[in-house]
Structure formats: C-alpha cells, structure tokens
There are 2 protein chains.
Amino acid sequence: MTENDRLTEEKIFEAATAVFEEKGLDGARMQDIADRAGINKALLHYYFRSKEKLFLAVFDNLAEILFSKFAGIFQQDMPFDEKMKYFFLEHMTFLQQNPKLPIFILTEVSRNPELVDKFLAKIDLNSIKTRMSEDPANTMPPKMLPHLMISIVSLSVMPIAARPIIEKVLETAGYNFDEFYEERKYLAPEFIINAVRQFKSETDNNTTT
Amino acid sequence: MTENDRLTEEKIFEAATAVFEEKGLDGARMQDIADRAGINKALLHYYFRSKEKLFLAVFDNLAEILFSKFAGIFQQDMPFDEKMKYFFLEHMTFLQQNPKLPIFILTEVSRNPELVDKFLAKIDLNSIKTRMSEDPANTMPPKMLPHLMISIVSLSVMPIAARPIIEKVLETAGYNFDEFYEERKYLAPEFIINAVRQFKSETDNNTTT
DNA sequence: GTCTATAGAAGGATAGAC
DNA sequence: GTCTATCCTTCTATAGAC
C-alpha cells in the first residue's frame, strides 16, 4: 500500500497547495482541503499532524518553485539583451500559469518574515550575481546590481500581482488584459535594455570626461 | 455626547485599520481590534454591525488613500522628467510610512476582485491619462501609456511589498535595506527617464527613416 | 453609549471502530 | 490507511443590565 500512500499524500498536498494559494494561511480551511482531496479531515492530520505543518510543507514547495524560476533563468548563459528577452518571456508565461503564486508568497512572508530564511538558504544568490554582472552591468558600480535585478523582477511580477486592478483600469480605457500582457512580454525587456544602455553610455561619458 | 461618539468610532476605526492592514480580513480578530481600541467587542458591533461591514469601511478608506496618492502626484503640472523625480520621492516616502498598505490592498483585491469596482469609481482615470500623455509620452503610441504607468508603479511598490525578501537578500550581499531604499528614490526615476528617452529616439529614428 | 455574560456556529484536532 | 463521531477552543454576534 506504499503506492496508495503516496497517492493519498500527494492528493492532499495538491489540494492543500490549491487552497492555501487561493485563500492564504488564515483563510484556508482544513475542511476545504479535505473536500478537494476527496477524503476527510482526519486523514489530513494523519498525514501532516497539523494545519501549520501542512502549510509549511506547501509554502516551502511553492517558494522553491518560484525562486528556482528566477535563478534558473538568470543563470542561462547568453548575452544580456538575449537574457532579458528570454527571462520575461519565460517568467511572465510561468506567472500566467501560476497567477496566485506571487501574492501568496508576498503576503505570507510579509506577515511572517521568518519564512524568508527557510527558502533563501536553498538559493545560490552568488551565482546569480555573477551571471548578472558578466554583461553590460559590469560597466556599472556593483551597488547598482541589486537595483537592476529588483527592477527586472518588479516589472515581471506586478502585472500579475495587481491583475484585478490593472484589468479593470485597462477595460475602462478600452484595452484587454490578455493582449496587454502578451505585449508586455516583449516590451518589458526592451524597457530594461534601454534603461541600461542609456545608463551605460552616461557612465562612459562620465568616464571619458 | 456626539463628540464622544465621534471619538469612540474613530478609535475603533483606527484600531481596525491597523489590525486589518497587519493581518488581513481572515487573520484579523474582533477581539484584537477591541483591545487595541481600548473597548470591548460589543461596542464594535454597536458601531459597525459586523466584521464584514467594518472591514469594508476600512478597505474603502485605505484604497482611497493609496490611489489618491497616485492620482494626486500624476496630476502635478510639471515636465515629465520632473514629474518622475517628484513621483518617486513622494510615493516611495509615503509607502515607507505605510509599508503594509500595498500588500493589504493587493491581497484583499486578489481574493475578492469585486472590491476593485468600489474604489475605481472614485478615481478620475482620464485626467491621469491626459496628464501623462502631455509629455514625452506623446511621441509614443497611446497603447504604450498603460505600460509606462504600470512600470512606474511597479518600480515604486515592489521594494516595499517584497521588503522581507529583499532585505534578507541585500544583507547576504552586505547591503542595507534602508540605504538601498533611499538610493532607489533617485535611481528609479532615472531608470524610467532613460527608458523613455531611448524609446523616444528610437521612435524618431523610425519616423525619419 | 458601554459593559458583562453568553449564545451559537465554525474550525482544528483526536479517539476509536473498521 | 480510512472513516465517523466528537471534543475543545475560538470567534462572531447578540441579549440584557447599567
């Protein structure tokens, strides 16, 4: 029955992931998770002891997924401009398929900052930094790197995190969110590339002056 | 006792604002709000009937504050570059003083999108659009305006919304969040201005070709 | 208007049968 | 391993005294 075990535990885990992602820790109900998994509440506790432990397992997994997505893409070995185009295409498509993920992580982390430590340990930040600083960025002071990286992530994440608001505003102006989002996959990297190129030439000017 | 009424209702409202902002709708407890306001639970219901009604009052007020902040700043009458510098300085300082506000609004709206309608009615989107399109942006297609505006807001909001994560990552690299945040008040507008300037010259090239 | 006391419902967790 | 039944706590909400 080990096969059966695995299946049940997995069904619970998937159901819990969906419910926590949708409702958050406080809004999630063990009953909802049980219903969604097609079993009863008692089994949840048999497999995961408590709501908190179940939540931590789910959070851990989701945080890993979200952050390995950053890391994986940044670590691609290609020129900066290509990397930007590749990142936004991949990352924004990923978020499209996981629209609740950013808000879930941001909210839970905001209300319980200790959660951050758990998943940051898993990520090799240095290798991302190295990869990023290989390209045009090496013309900028190291201090600028965090700004650049956070700008990149901001442009990618916000449209999904604020989707209900953006969608309504766009509708008011006669635009469609899905179209907007597809456009943005291509415009966002241009935006970054332009900003960096401009910055680079400014730095060059300063240096040559 | 009308004076006293106003005071009590206001105390409750302030306490509720703090608790809802911190814990969200599901995590907030009427008991916490009562304690914080220095009264008892029964009085909450005397003034606001139910938790939901109290929440709606609080949400409404906070959404108004957050969005009037956007609108007010964008409506300033000054050249585009100045407007950007002014916006990031004002807005990021405002968020610094209200760090829980963005996550609160984003989370509640994400879990109950109907909330959006309520506060969007209050905002004059057209006047913002007009103000924005007066400047360099009138060299870009109208379709680009939403992208630009959402990019601006993204760069301003994300550092606060993701603060616990960013803070830890920065620390790992030997940087300090507060310093980073102060730098960003000045770097973010440069970033936008550069990206737009570059775009503008590209458009010009295309036009002259 | 403000309080104490309590109703009534819901949710997390466990006992015990199969 | 899975279920039913139930305990116990917590939370919203109200009744009723002052």
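So the values come out like this:
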quantity: Meets criteria (surrounded by fewer than 20 Cβ atoms within 10 Å (Cβ to Cβ), of a type in the set (Val, Ile, Thr) and within 28 Å of B:Ile123 (Cβ to Cβ)) for A:Thr172; calculated: yes
quantity: Candidates A:Phe88, A:Phe74, A:Phe70, filtered to the one that is assigned by TED's automatic domain parsing to the domain that holds A:Glu108 and modelled with pLDDT of 95 or more; calculated: A:Phe88
quantity: Matching entry among B:Glu182, B:Glu167, B:Glu190, B:Glu134 (being more than 9 Å from every other protein chain (Cβ to nearest Cβ), surrounded by fewer than 20 Cβ atoms within 10 Å (Cβ to Cβ) and at pLDDT 80 or above); calculated: B:Glu182
quantity: Criterion (part of a helix (DSSP H, G or I), assigned by TED's automatic domain parsing to the domain that holds B:Lys100, among the hydrophobic types (A, V, I, L, M, F, W, C) and within 22 Å of B:Phe70 (Cα to Cα)) met by exactly one of B:Ile165, B:Ile150; calculated: B:Ile150
quantity: Candidate set from segment B:17-58 (those that are farther than 20 Å from B:Arg111 by Cβ and not in a helix (DSSP H, G or I)); member that is nearest to DNA strand D (Cβ to nearest atom); calculated: B:Arg49
quantity: Inter-residue pairs, beta-carbon under 8 Å, first within 19 Å of A:Asp124 (Cβ to Cβ) and in segment A:51-68, second at pLDDT 95 or above and within 16 Å of DNA strand D (Cβ to nearest atom), 6+ apart; calculated: A:Asn61/A:Phe13
quantity: Within segment B:32-68, considering residues that are within 16 Å of DNA strand C (Cβ to nearest atom) and of a type in the set (Phe, Trp, Tyr), the one farthest from the other protein chains (Cβ to nearest Cβ); calculated: B:Tyr46
quantity: Test: residue in segment A:73-83 that is within 15 Å of DNA strand C (Cβ to nearest atom) and among the hydrophobic types (A, V, I, L, M, F, W, C); calculated: no
quantity: Close pairs from segment B:174-185: first in a helix (DSSP H, G or I), partner acidic (Asp, Glu), Cβ under 9 Å, at least 6 apart; calculated: B:Phe177/B:Glu167; B:Phe177/B:Glu171; B:Phe180/B:Glu167
quantity: So B:Thr139, is it free of Cβ contacts under 8 Å to residues at least 24 places away in the same chain and in the same structural domain as B:Lys69 (by TED's automatic domain parsing); calculated: no
quantity: Filter result (in contact (Cβ under 8 Å) with a residue 24 or more places away in the chain and not in a helix (DSSP H, G or I)) within segment B:113-133; calculated: B:Lys122, B:Ile123, B:Asp124
quantity: Only one of B:Thr93, B:Thr107 that is in contact with a Ser or Thr (Cβ under 9 Å, 6 or more places away or on another chain), outside the structural domain of B:Ala16 (by TED's automatic domain parsing) and modelled with pLDDT of 95 or more; calculated: B:Thr107
quantity: Matching entry among A:Lys85, A:Lys100 (being within 14 Å of chain B (Cβ to nearest Cβ), buried (at least 17 other Cβ atoms within 10 Å of the Cβ), more than 12 Å from DNA strand D (Cβ to nearest atom) and charged (D, E, K, R)); calculated: A:Lys100
quantity: Residue within segment B:18-28 that is within 14 Å of another protein chain (Cβ to nearest Cβ), among the aliphatic types (A, V, I, L, M) and within 16 Å of DNA strand C (Cβ to nearest atom) present; calculated: yes
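The values are calculated or read from the model by the stated rules, or taken from the named source; none is laboratory data. Just so it is clear, the structure is predicted and the values come from calculations on it, not from any experiment. Glycine also receives a Cβ, built like all others from the backbone with ideal geometry; neighbour counts cover every protein chain displayed.
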